[in-house]
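Data first, discussion second: the structure below is written as structure tokens.
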Amino acid sequence: MKPHTTPVDENKLSQMKLIFHEIQTIYDAGTPLFTKDNIREVGKQLQRFQKGERDGGNTILKGVNGIDYEVFIEPRSRDPPRENEHVGGSKWIIIYSSIKHLTTYIDVPFFNLQSAYLPMRIVAPIALLSNRPEYTKPPAPPAPPAEDFGTYQALEREWRTSQHYERLQEMLATIVFPFTLTKVIGLALGALVIRSQVCESTVLQHALVSALHSTLVQRGILSASSKQYVQDPIYTQRDREILHSAGLTVLDDPQALLDLDESSVLFESKTDD
């Protein structure tokens, strides 16, 4: 017996292909997916959700084609997170879609024609955890903030004795800039504490921001008054306390993108998108 398959909606599939082609054409013509004005406007709407003024419902978002779309924002789930999920500190987050994401085929039944053009959407934050050991351990009792930061410092000290850190310093020694930079921004580097465990991989990403900042200040490429910022809406209050102790200033979404300019050093966590 052949397995049952859902018939493909050929009309919708045809619409999808036309939309993908249109978005790619708009992008290839030089239209940016993100402008600061658009980011700022979505940020204002995000704040209304964050303050509890809204829990889902209709809102207006601008597409890459310059058209405003009324879209429905799903209410936050009241169910506790599942075993492989981590809910961050923010109630709502902005999802930023790359050109690849906006023009990639997905299952036809799940394709939403109303939001197809949107480079930014507002959703409730849930991060799926991998099968790595630090993510699959049973939750432990929360450690005191000083202990969390002590673990962070120990991991950072060990990394600064590694060959990876030496190679980083060798690379930075070759960099020349014609003007002085003013800030280092780390974007979407991940939560530091998962299931009450301080995670080595995300600690090292944040340690890299600090290493970039300190080295470039020493070389005179960054001004002595320069700042080091990080932004990830998945940060919990516990993460924020660690980062504050480490000398990193946490920005609320989408402020890092609004502050980003030609005098900034941007370090972004790599994704598959």
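The values are calculated or read from the model by the stated rules, or taken from the named source; none is laboratory data. Here the structure is a predicted model, which means the values were calculated and not measured. Every residue, glycine among them, receives a Cβ derived from its backbone with ideal geometry; neighbour counts consider all protein chains shown. Only protein heavy atoms, including side chains, enter the accessible area calculation; ligands, DNA and RNA are left aside. Shrake-Rupley method; radii C 1.70, N 1.55, O 1.52, S 1.80 Å.
Closer than 30 Å to Ile94 by Cα, of a type outside the set (Val, Ile, Thr) and not in a helix (DSSP H, G or I): does that describe Ala211?
Judged against the criteria, Ala211 is not a match.
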Unique residue being at pLDDT 60 or above, more than 20 Å from Gln24 (Cβ to Cβ) and touching an Asp or Glu at 6+ places or on another chain (Cβ under 7 Å) when the list is Ile122, Ile94
Ile94
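Residue-wise test of (1) touching a residue at least 12 places away in the same chain (Cβ under 8 Å); (2) of a type in the set (Lys, Arg); (3) assigned to a helix (DSSP H, G or I); (4) within 27 Å of Leu257 (Cα to Cα).
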| position | (1), (2), (3), (4) |
| --- | --- |
| Ala154 | no, no, yes, no |
| Arg157 | no, yes, yes, no |
| Thr161 | no, no, no, no |
| Glu166 | no, no, yes, no |
| Glu170 | no, no, yes, no |
| Pro178 | no, no, no, yes |
| Leu189 | yes, no, no, yes |
Of (1) in contact with a Leu (Cβ under 6 Å, 6 or more places away or on another chain); (2) open to solvent by less than 50 Å² (accessible area, probe 1.4 Å); (3) modelled with pLDDT of 85 or more, Glu200 fails just (2)
Would you please name the residue that is most open to solvent (accessible area, probe 1.4 Å), looking only at residues in the range 97-116 that are at pLDDT 90 or above and under 12 Å from Met16 (Cβ atoms)?
Thr103
Among the residues of the range 226-245, count how many are surrounded by fewer than 15 Cβ atoms within 10 Å (Cβ to Cβ) and touching a residue at least 40 places away in the same chain (Cβ under 8 Å).
1
When you go through Val193, Val217, Val198 one by one, which is the residue that is touching a Lys or Arg at 6+ places or on another chain (Cβ under 6 Å) and without any contact (Cβ under 8 Å) to a residue 60 or more places away in the chain?
Val193
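Would you check if Ser214 is polar (S, T, N, Q), under 22 Å from Pro142 (Cα atoms) and surrounded by fewer than 17 Cβ atoms within 10 Å (Cβ to Cβ)? Please lay out each step first, then the result.
Values: polar (S, T, N, Q): yes; under 22 Å from Pro142 (Cα atoms): no; surrounded by fewer than 17 Cβ atoms within 10 Å (Cβ to Cβ): yes.
No.
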